[in-house]
Ligand SMILES: [Zn+2]
């Protein structure tokens, strides 16, 4: 049984310490990171090579994704938003960090048991995945391949240990990543994902009407929408209340990423481009 003792056991520092004694983890870490000894980080951004941002479909399907970043001031829980998704039966993909799990252990377990939600990887410590310590929005990235490995793989294993499901997708903290980081993820069988529709909910105090507009004006079949569920003080829930009925009127259906093959901008077929 998982309980508060388990919460302490799985907390990031303890969990990482345990993983460092686990030969399967350390052997994999050595093998993967050795391939990056002479690697350049490559381009840094949200849509660099190796990162997918939407999925292939000709149907009116879109995927809502919600991040939970974790850490000081980033470990809140927007229960109104989650209740709304549950009441309206809206499937969603939740990208969650190890830090957020530590701060919301029982909530995390409950979310993972709800088949409406797909749990994916937002990194162990919410550090943007970089080979050279690049930072974004004032958040420092990982400094080298070893730290990038821990950021991705340790949280993948943590989520798997708690949910019996290994995440397939990884969204780097801030969604910024370098090309080498995306390649490193793929060596772990994990696809780096960004987004196609930026809701703008992460800019504090963005009014719900602006979030609504950002989503409705940019929505298209196969779009991945990025939002957050770790800031109840933001207007994500308020915006979703307006967005969902309108998208339903436009005959959109909501899906989780796990059911689709993701693609990058370059792979998109021209004829499935936006229905405007
Ligand atoms: Zn985040």
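Bear in mind that the values in this text are calculations on the coordinates, not laboratory data. Just so we're clear, the structure is a prediction, and the values are computed from it rather than from any experiment. A quick note on method: Cβ atoms are made from the backbone with ideal geometry, for glycine too, and the neighbour counts reach across all protein chains shown.
A few points about this structure:
- Fraction of alpha-carbon pairs over 20 Å apart in the range 105-170 - percent: 33 percent
- Subtracting the Cα-Cα distance of residue 22 and residue 49 from their residue separation scaled by 0.36 nm leaves 6.5 nm.
- For the chain, averaging the sequence separation of C-alpha pairs within contact (under 8 Å, six or more residues apart) and dividing by the residue count gives a relative contact order of 29 percent.
- Relative contact order (%) - criterion: Cα under 8 Å, at least six apart; region: the range 36-136: 28 percent
- Diffusion coefficient, µm² s⁻¹, Stokes-Einstein with Kirkwood Rh over alpha-carbon pairs of the range 190-271 at 20 °C and 1.002 mPa s: 155 µm²/s
- GNM on the chain, alpha-carbon springs under 10 angstrom: the most fluctuating residue among 160, 151, 118 is 160.
- Cα gyration tensor, the range 1-147 - rounded (a/c under 1.5), prolate or oblate: oblate
- Compactness index (Cα Rg / 2.2 N^0.38 Å), the chain: 0.97
- Take every pair of alpha-carbon atoms less than 8 Å apart whose residues are at least six positions apart; their mean separation over the length of the range 118-276 yields a relative contact order of 18 percent.
- Between 0 and 90°, nearest 10: helix 236-249 axis offset from the chain longest Cα axis: 50 degrees
- Summary of the geometry: the range 210-239 and the range 107-160, compared by the centres of their Cα atoms, lie 21 Å apart.
- For the chain, built as a Gaussian network whose Cα springs stay under 10 Å, the top-fluctuating residue of 125, 83, 144: 83
- Modelled label reach - residue 165, point 7 Å along Cα→Cβ, the range 114-151 residues with backbone N closer than 19 Å: 114-124
- A convex hull fitted to the Cα coordinates of the range 64-143 yields 94 cubic angstrom per residue.
- All C-alpha to C-alpha distances of the range 145-201, sorted into 10 Å bins beginning at zero, yield P(r) values of 23, 51, 24, 2 percent in whole numbers.
- Note on the chain: GNM, Cα springs under 10 Å; of 72, 232, 167, the largest mean-square fluctuation is that of 72.
- Modelled spin-label separation between residue 80 and residue 34, with each label point placed 7 Å from Cα along the Cα-to-Cβ direction: 5.4 nm.
- Principal-axis tilt of helix 208-218 within the chain, Cα atoms, nearest 10 degrees: 90 degrees
- Value of [θ]222 nm, deg cm²/dmol, for the chain, DSSP H segments ≥ 4, -39500 (n - 2.57) each, nearest 500: -10000 deg cm²/dmol
- Rounded if a/c under 1.5, otherwise prolate or oblate - the range 107-222, Cα gyration tensor axes: oblate
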